[in-house]
Amino acid sequence: MCGIIGILGEGPVVADLYEGLHAIQHRGQDAAGIAVFGDKMRVKKGLGLVNDIFHEADLAPLVGNVGIAHVRYPTVGCGDVEDAQPFYTNSPFGISLAHNGNVTNFRELRAELASRDLRQVNSACDAEAILNVFASGLPTGDWRTEPSEQIFAAVGEVFRRVKGSYSVVAVIANVGLVGFRDPFGIKPLVLGERTLPSGRTDYCLASESVVLDMLEFPVRRNVKPGEAVWIDYDGLLRTKQVVEPNHHPCLFEFVYFARPDSVIDRISVSATRHRLGKSLADEWMKTGLSVDAVIPVPESARNAAMEMANALGVPYREGLVKNRYVGRTFIMPGQKQREQSIRRKLNPIRAEFEGKDVLLVDDSIVRGSTSRKIVQMARRSGARKVYFASCSPPLRYPCLYGIDMSTRGEFIARDRTVDAVCRLIEADHLIYLPLDALERAARADNPEMTHFCNACFSGSYPTGDVTNEMMDAIERERLVSQGALF
């Protein structure tokens, strides 16, 4: 899961791109990059957080009124600087591209690009493959006098050849800004626009609406699945529904990834998480157990815990203090780093636990190591009973669409009962939110949303191209990158 931004404006865009990256830093902390086109394409990228990579001297050369930016969250290994986005190719005319998602046929595509298109993919990043498919779909002659259909045809070529999930932003030199979203719309992409005193309109594409809020771009709408957007240098917006949509937005966005102040596909993340808490309270009441306090595991479970406490009529307490200088443990590249960071990240307030029966609320339970350590913290702080509630159903299946849970052995709930998971995380009782309750909570803001991607919970992959052989190959690659296989 990464974050992308694309801006075309009347004036320089690098300052807005830089500020926008801070708004979506939560979507990736492994690497970041910015590409801007002025008199030529200029790219700056590196490993680490946005503040680590970009300084005043780095931003000053990035001159131009159209550009894209990216924060990277690696789904295989720790990544390298060569895998950081955006990527660039100089043919035709120069194109820079970044994406959020995961290409499931990346290995086959890389070989096909080399043999059929005579294009070399040098990195281990699937964005470079998307870039080369898109570039190979554009004519080699001068087509810039009437580029609309050529651009939309190239996007159609991507939809035909690239499988998996991807939301994309790209800059074509002297042509403009392009954005598109795969036919399933698994990853989000929102379009904003702001009218300037000159009467011109600036445009912004971003993974989350919070970027548009920060940069003062009123939201125009979400980019539709299977749709392409092109904005030229005169600020003229053109769109085309290239293929029929089959919308399946990712449910995990609403549980964990997105910021609570974002709205994705007309669904408020904050309101959804409050509804999750109300549904969790309904599930908890079935247990007949009483608690002295509801305590969230900060920060993505906070809204749900508030609503759950309110519905149960018990105090809501902030019993775990988060060190804000430690990144999100779920998106750290490697289990060892995650485990080392948990204790640095959270510290219990003893007074909120001592002598009490407490109910801990977290967004999910993936590997179980974080949950177990938090339960142990609560017990060391004097809790009498430690109960646990998950805002999502049991995670049991690999995500092949861009979330770092690619191997079947990573899931504590895989082939285990709820009671078995409860014992492993050392809690006194455990409940999960049912899948239908999670989908109802997300759908409440947008009843037209009839389907979601719930593959990590159900094992049903909406793209229809996932095979056991594909899962085995991806799992092996991940284990090799972790040093578990040689």
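Odds and ends about this structure:
- Added length on full extension, which subtracts the Cα-Cα distance from 0.36 nm per residue, V63 to K278: 72.5 nm
- Charge sum, other residues only, whose C-beta stays under 13 Å from S96's C-beta, Lys/Arg counted +1 and Asp/Glu -1: +3
- As a fraction of the 1.4 Å probe accessible area of the chain, surface on carbon and sulfur atoms comes out at 49 percent.
- Where the alpha-carbon atoms of region 27-114 are placed on the principal axes, they occupy 39, 31, 17 Å, in descending order.
- Relative packing of 272-278, 202-208, 418-424, which averages over residues the other C-beta atoms within 10 Å, highest first: 202-208, 272-278, 418-424
- Note on the chain: helix-only mean residue ellipticity at 222 nm, from DSSP H runs of 4+ residues weighted -39500 (n - 2.57) and normalised by residue number, equals -8500 deg cm²/dmol.
- Helix 302-312 vs. the chain, principal-axis angle (Cα, 0 to 90°, nearest 10): 40
- Cα gyration tensor shape of region 144-272, rounded if a/c is under 1.5, else prolate or oblate by comparing a/b with b/c: oblate
- In region 225-317, taking the dipole from charged Cβ atoms about the Cα centre, the farthest positive-side position among V229, P245, A311 is held by A311.
- Candidate values (1) 1.08; (2) 1.37; (3) 0.98, label of the one derived for Rg/Rh (Cα atoms, Kirkwood Rh): (3)
- Computed magnitude of the charge dipole of region 172-255 (debye, nearest 20; Cβ of K, R +1, Cβ of D, E -1): 180
- Simple point charges give the picture: +1 on the Cβ of Lys and Arg, -1 on the Cβ of Asp and Glu, and for region 343-486 a dipole about the Cα centre of about 920 debye.
- Helix 369-380 vs. the chain, principal-axis angle (Cα, 0 to 90°, nearest 10): 40
- Heavy-atom accessible surface of Y88, to the nearest 10 Å², is about 110 Å², with a 1.4 Å probe and all protein chains retained.
- Per-peptide packing, taken as the mean over residues of other Cβ atoms within 10 Å, places 56-63, 125-132 in the sequence 125-132, 56-63 from highest down.
- Computed from Cα positions, the angle between helix 126-136 and the longest principal axis of the chain comes to roughly 20 degrees.
- A simple charge model with +1 on the Cβ of Lys and Arg, -1 on the Cβ of Asp and Glu and nothing else charged puts the dipole of the chain at about 1380 debye relative to its Cα centre.
- Within the same chain, lysines fewer than 8 places from K224 are excluded, and of the rest, those with a Cα less than 22 Å from its Cα are K163, K187, K240.
- √(5λ) per eigenvalue of the Cα gyration tensor, region 1-154, largest first, Å: 25, 21, 12
- Length-normalised contact order for the chain - Cα pairs under 8 Å, 6+ apart - percent: 13
- Shape category assigned to region 85-132 from the gyration tensor of Cα positions, a/c cut at 1.5: oblate
- Prolate/oblate/rounded call for region 236-327, Cα gyration tensor, a/c under 1.5 rounded: prolate
- Surface accessible to a 1.4 Å probe, per residue, for the residues of the chain, Å²: 38
The values are calculated or read from the model by the stated rules, or taken from the named source; none is laboratory data. Everything numeric here is computed off the predicted structure, so don't read it as measured data. As a convention, Cβ positions derive from the backbone with ideal geometry for all residues, glycine included, and neighbour counts pool all protein chains shown. The protein model used for the area step is the full one, side chains on, heavy atoms only, and it has no ligands, DNA or RNA in it. Shrake-Rupley method; radii C 1.70, N 1.55, O 1.52, S 1.80 Å.
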